[in-house]
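**Student:** The structure that follows is given in the form of structure tokens.
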Amino acid sequence: MPVQPEDFRDVLRHFPAGVTIVTVKSGEETHGMTVSAFASVSPNPPLILVCIDHRGRGHELLENDDAVFAVNILRQGQDELSNRFAFKEDRFSEGTWTTAETGAPVLEEAAAWLDCTIYDRHVAGTHTIYVGEVQACKVVEDNVEPLVYWNRSYRNLELTKESEES
């Protein structure tokens, strides 16, 4: 018998995750949401994945044939921006936003971003896994610490002297 959702979430909070803002463009409409379910899939072709809850506006837009999206990888200190995209309505009112090749919004102050077209979709329980083919990408600033979420709060990485030298 499968575990209860509360038990599942309680275990997963012990796995640290990077924090991203996934932005979507479909037609003239844009939307963004905070996402930690993001991973690299393949270098050739360059593919990534994000998992998006069916209940949100982002999922609705990503189901459109013309939908494109960007994954904006957040850096330490951008926790308020992450919270804005998780809980607020006026999401794009903070940060400096531009567009890349597909037209999806990208955050100029992100650590890095990937601009994607939809390569494939897979329904998985309460979410859909969107595989994106990367059309453009950029490291905005090298060697900045990422925004990390662990055990229900944002955390800072503490680099050791050895890790700084490598």
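**Student:** Mind telling me which of the residues LEU81, LEU74, LEU61 ends up being crowded, with 16+ Cβ neighbours inside 10 Å and more than 25 Å from GLU133 (Cβ to Cβ)?
**Tutor:** Within the list LEU81, LEU74, LEU61, the selection yields LEU81.
**Student:** Then there is this: If a residue must be of a type outside the set (D, E, K, R), surrounded by fewer than 21 Cβ atoms within 10 Å (Cβ to Cβ), closer than 17 Å to ILE118 by Cα and over 9 Å from the mean Cα position of the chain (by Cα), how many such residues does the stretch 12-38 contain?
**Tutor:** Count: 3.
**Student:** Run LEU159 past the list (1) farther than 22 Å from CYS51 by Cβ; (2) of a type outside the set (Val, Ile, Thr); (3) in contact with a strand residue (DSSP E or B) (Cβ under 7 Å, 6 or more places away or on another chain) and report the number of the one that doesn't hold.
**Tutor:** Only one criterion is unmet by LEU159, namely (3).
**Student:** Now a separate question. Looking at SER93, SER153, which is the one that is over 13 Å from the mean Cα position of the chain (by Cα), under 28 Å from PHE8 (Cα atoms) and among the polar types (S, T, N, Q)?
**Tutor:** Only one candidate passes the filter, namely SER153.
**Student:** Of everything in the stretch 103-117, what is surrounded by fewer than 18 Cβ atoms within 10 Å (Cβ to Cβ) and either over 15 Å from the mean Cα position of the chain (by Cα) or under 16 Å from SER26 (Cβ atoms) (or both)? Give them in sequence order.
**Tutor:** Correct list: GLY103, THR117.
**Student:** Scan (1) farther than 26 Å from PHE15 by Cβ; (2) without any contact (Cβ under 8 Å) to a residue 12 or more places away in the chain; (3) part of a strand (DSSP E or B) for the single condition HIS122 breaks and write down its number.
**Tutor:** Condition (1) is where HIS122 drops out.
All of the numbers you see were taken from the coordinates with simple rules; none came from a lab. Keep in mind it's a predicted model, so treat the numbers as computed, not measured. Neighbour counts run over all protein chains shown; Cβ positions are idealised from the backbone, glycine included.
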